[in-house]
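Read through the structure below, which is laid out as structure tokens, and then see the notes.
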Amino acid sequence: MFSQSVNGQILILTCDCDVTADNFLDFKLRYNKFCAMAPEDKSLILDLSAVNHLVSSAIGVIAASYPELKKRHVSFRIVASSVELLRLLKVTRLSKVVRTNDSLKSAVAALE
């Protein structure tokens, strides 16, 4: 479901399946651990390019982490390519707060 990688100074968490009520707790635990391990002044990317559906609770977890990341000067981006997920990020206004990219390559380039 999740994999982590490092690209220079950028930590990347990749989610390769939809986040549903059945796997939400796993998403929450892994995402929060991922955010906690980010050093100050570094960059994080949450790669949701393989995700079509995200339960609203997952949006809440992402939104709740943003103030702490900002306080620690951690740059944060979300990669989203599905129309449904992009619409959800727009409707919840999360895309107004967190920058989004349509590919991992463009997110990495924006943070380098």
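Worth a mention:
- Checked against the criterion of being modelled with pLDDT of 95 or more, over 14 Å from the mean Cα position of the chain (by Cα) and of a type in the set (D, E, K, R), the range 64-71 has no qualifying residue.
- Residue check, LEU54 at pLDDT below 95, aliphatic (A, V, I, L, M) and under 24 Å from LYS33 (Cβ atoms): yes
- Some residue of the range 27-34 being in contact with a Phe, Trp or Tyr (Cβ under 7 Å, 6 or more places away or on another chain) and touching a residue at least 12 places away in the same chain (Cβ under 8 Å): yes
- Residue match in the range 85-94 (condition: within 10 Å of the chain's Cα centre (by Cα) and not basic (Lys, Arg)): no
- The number of residues in the range 1-26 that are without any contact (Cβ under 8 Å) to a residue 12 or more places away in the chain and of a type in the set (A, V, I, L, M) comes to 2.
- Extreme residue, nearest to VAL61 (Cα to Cα), among residues of the range 73-98 that are among the hydroxyl-bearing types (Ser, Thr, Tyr) and touching a helix residue (DSSP H, G or I) at 6+ places or on another chain (Cβ under 8 Å): THR92
The values are calculated or read from the model by the stated rules, or taken from the named source; none is laboratory data. Just so you know, these numbers come straight off a predicted model, no measurement behind them. Note that we place each Cβ from the backbone using ideal geometry, even for glycine, and neighbour counts take in every protein chain shown.
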